[in-house]
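All remarks here apply to the structure that follows.
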Amino acid sequence: MHYFTYRQQQLFCEETSVSEAAAQFGTPLYLYSRKTYREKYALIDRAFAASKHQICFALKANCNPHLLQDFARLGCGGDVVSGGELHLALQAGIPASRIVFAGVGKRDDEILAGLDAGIRGFNVESEAELQVINELAAQRKKIAPVSLRINPDIDIHGHPYISTGRAADKFGIELNRAKDLFTEIKTLRQVKLMGLHAHLGSQITELWPFPQIGELFGNLAHLARTAGHHLDYIDVGGGLGAIYENFIKVEPNTGPAPDLALSPNDLAEKLLPPLTRDLPKDCTIIFEPGRALVAGSGILVTRVLYTKMTRGKFFVVVDAGMNDLIRPSLYHAYHQTVPVIQRDGEWQNGDVVGPICESGDFLAKDRLLPPAQRGDLLAIMTAGAYGFSLASNYNARPRPAEVVVDGSTKLLSRPRQSLETLWKN
């Protein structure tokens, strides 16, 4: 569950009034519920309790400092895809031994940073990368821990921009070629095969891919052991989807709706049996949730600037734009849009649009919208994942503030970017 509810027609994040937070920190504003993301972590962690496991948060979803520090204290690891994310994970207190480094285009300096930090493993995406890691490890006189990222050619039927496990996608090593590499990798003196990895994509809303990937990994692990490798981990990726539609009920006296597309327990029950059937007990299962942990924990609060009617089309113009939340423009992603303070009036069909000079700058399109007037606050729900982390300075707009709510306490994680920093940063 999540902790965004209406009380006497006002939206609250835990015990904090959203309108009071907006008055204190201004808008646009990212607001996160600490209780929500901490409970999500505990829920997923418990689902994998039957096996030796490590939850590694996918930092690409949200790099908020308070959030990362909280996950580190909970025992969470990190799934990083850049030198910058590696730096942030270490700064937050996530031990290098709990960090795995993925990404199809790792630079030499990023590989060296991972080697120097002593991360758990590099998820290798190509034979060329494997050779480079071997050469760089030789320079450092180290043995590089690697896993082979497999492209399983499984189509989850999601948005093509966030599907990563199909044969046509840029990610991973072709399955048959990976099998041959089990033998060939033993000729490389500075790398050691520590694991296997795959990631099917993001926003998975059906269970059927998980037993397939479990069966695939079970078979591959057997082949790897036959070739003489002792596997430290199997990294099954992430992808557990969040619920975006009807995230919050606007009717009074109603509790929060579910905010995960699949039960973590159901996922683990489908995935683990075929995967762990013949695995050694000391092999760790790594799961890399990102969106599932943080999407439902965050909202984007925005203020109405104007309303207008153009040739029968109703527009609500707000102070947040595609530079603050690009998902609707980039993916045509749906985010429920609700009033922060409910009031009487007729809802009408229209668009919520921002101030960016692009026709693609919208937060909600062809949507039944609440009555709105200048100065009203709207909340864009389920914005905790791929919200601030994809924000930009397009149109020279400062990035918004980020605030973590803990009960009635508001923690300013990142202040609103100042105009002065636009010149140099």
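Since every read-out is calculated from the coordinates, none of them should be taken as a lab result. What you are looking at is a predicted structure, and each value in this text was computed from that prediction instead of being measured. Glycine gets a Cβ as well: all are built from the backbone with ideal geometry, and neighbour counts include every protein chain shown.
Cross-link list LYS40/LYS410; LYS249/LYS410; LYS106/LYS141; LYS249/LYS365: which exceed 28 angstrom alpha carbon to alpha carbon? Don't jump to the answer; show the numbers that get you there.
On the way: LYS40/LYS410 20 Å; LYS249/LYS410 24 Å; LYS106/LYS141 20 Å; LYS249/LYS365 20 Å.
Flagged as over cut-off: nothing, all pairs pass.
Once the Cα atoms are used to define both axes, helix 65-74 deviates from the longest principal axis of the chain by about 50 degrees. Which parts of segment 293-333 would a label at GLN348 reach, counting a residue when its backbone N lies under 17 Å from a point 7 Å out along Cα-to-Cβ? So the set is 304-318.
Using the Cα centre as the reference, give the magnitude of the dipole from point charges on the C-beta atoms of the chain (Lys, Arg: +1; Asp, Glu: -1; all else neutral), rounded to the nearest 20 debye. Write down the numbers at each step before the final one.
Values: 45 positive and 46 negative charges, 119 e Å.
Computed about the Cα centre, the dipole is about 580 debye.
For the pair LYS365 and GLU206, label points projected 7 Å from Cα toward Cβ lie 2.5 nm apart. The trypsin sites (Lys or Arg not before Pro) of segment 345-425 that meet both conditions, a loop assignment by DSSP and at most 12 other Cβ atoms within 10 Å of the site Cβ, are ARG374. Charge dipole (Cα centre; +1 on Lys/Arg Cβ, -1 on Asp/Glu Cβ; no other charges) of segment 1-111 amounts to roughly 300 debye.
Answer with one residue from VAL18, THR5, GLY354: the one whose Cα lies farthest towards the positive end of the charge dipole of the chain, charges on Cβ with Lys, Arg +1 and Asp, Glu -1. Most positive-ward Cα: VAL18. Put in line by how crowded their Cβ is, counting other Cβ atoms within 10 Å and starting with the fewest, MET322, MET1 read MET1, MET322.
Rounded to whole Å, give me the distance from the Cα center of segment 81-147 to that of segment 262-330. That distance is 27 Å. Straight-line cross-link partners of LYS52 among the lysines, defined as a Cα under 17 Å from its Cα and at least 8 positions apart when in the same chain: LYS270, LYS281.
Counting only Cβ charges, +1 for Lys and Arg and -1 for Asp and Glu, the dipole size of segment 339-384 around its Cα centre is about 100 debye. With contacts taken as Cα pairs under 8 Å and at least 6 residues apart, the chain reaches a relative contact order of 21 percent. Of the residues GLY384, VAL403, ALA372, the one whose Cα sits farthest toward the positive end of the charge dipole of segment 344-422, with +1 on the Cβ of Lys and Arg and -1 on the Cβ of Asp and Glu, is VAL403.
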